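Contents: one structure, followed by commentary.
Derivation of every value follows stated rules applied to the coordinates shown; laboratory data play no part. Since the structure is predicted, the reported quantities are computational estimates derived from the model, not experimental observations. Every residue, glycine as well, gets a Cβ built from its backbone with ideal geometry; the counts of neighbours run over all protein chains shown.
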Amino acid sequence: MSWITFEVKTARRAQLVDITERVAAAVERATKSDGVCHVFVPHTTAGVTINEGADPDVARDVESLLGELVPKEAAFQHAEGNSDSHIKTVLVGPACSAPVRDGKLALGRWQAIFLCEWDGPRTRRVDVGVTAL
C-alpha cells in the first residue's frame, strides 16, 4: 500500500473541514479495485471522522458541543494552552476507514469525511492509503 498525502489549511481554532472530495480523488489515484480506504492525520490536536456532510449545521454542532464538553479554560495539568485540543482529539480519533468499491470511495448517502481541527488555524497533513481486497 502506498500513501497519498495532502495538506489542509484551517481558518479557525475549532473547525470541521470536509475533505471528502480530496480523499475520493486520492482513492481513485490509488486503486481501481475493491478495498478499504484509511485516512490518518499525524497530529495530536487534530483528528478525522465520518459524519453527515449534507447539512453544515451538523459540523457546527460537533464543534460547539465538544467545546462545551471540553472547555479551553478547564484546569489541565498540561499548561501549554492547547490541552483541550488533545482531549478532543482523543474523543474523535486520528484515523478513520471507509469502503472502496470499484476504485471509488463508497460512503453512505449523507456521509462525509472531516478533518477536525482543535488548535488552529494551522496547516494539517492528511495521509490516505488503500488496502486492496
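Between ARG101 and ASP18, what FRET efficiency comes out of the Förster formula 1/(1 + (r/R0)^6) with R0 = 22 Å and r the beta carbon distance, rounded to 0.05? Numbers along the way, then the final one.
Numbers: r = 21 Å, r/R0 = 0.95.
After rounding, the FRET efficiency stands at 0.60.
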Between GLY103, GLY81, GLY67, which gets the highest mean-square fluctuation from a Gaussian network model of the chain, Cα cutoff 10 Å?
-> GLY81
Can you tell me the 0 to 90 degree angle between the C-alpha axis of helix 83-92 and the longest principal axis of the chain, rounded to 10?
-> 30 degrees
Candidates VAL23, VAL100, VAL70, ranked by Gaussian network fluctuation over the chain, Cα under 10 Å, top entry = VAL70
Taking a crude spin-label model, label points 7 Å out from Cα along the C-beta direction, the GLN77 to ARG29 distance in nm is 4.2 nm
Crossing angle, helix 56-69 versus the chain [Cα axis fit, 0-90 degrees, rounded to tens] | 40 degrees
Per the helix-only calculation at 222 nm, which mean residue ellipticity applies to the chain, given -39500 (n - 2.57) for every DSSP H run of n ≥ 4 and division by its residues, nearest 500 deg cm²/dmol?
-> -8000 deg cm²/dmol
Under a GNM of the chain (C-alpha, springs under 10 Å), which listed residue has the highest mean-square fluctuation: SER97, SER83, SER64?
-> SER64
Which aspartates and glutamates have a Cα less than 12 Å from the Cα of LYS72, not counting those fewer than 8 places away in the same chain?
-> GLU80, ASP84, ASP119
Degrees separating the helix 20-30 axis from the principal Cα axis of the chain, which is the longest one | 40 degrees
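So for the chain, averaging the separation of alpha carbon pairs under 8 Å that are six or more residues apart and normalising by length, what relative contact order in percent results?
Normalised by residue count, the contact order of the chain is 54 percent.
In debye, nearest 20: dipole of the chain around its Cα centre with unit charges on the Cβ of K, R (+) and D, E (-)?
Result for the chain is approximately 420 debye, rounded to the nearest 20.
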Suppose R0 equals 30 Å; then what is the FRET efficiency for VAL36 and ARG122 from their Cβ-Cβ distance, rounded to the nearest 0.05?
-> 0.60
Please report, in whole Å, how far the alpha carbons of the chain spread along each principal axis, starting with the longest.
-> 49, 29, 23
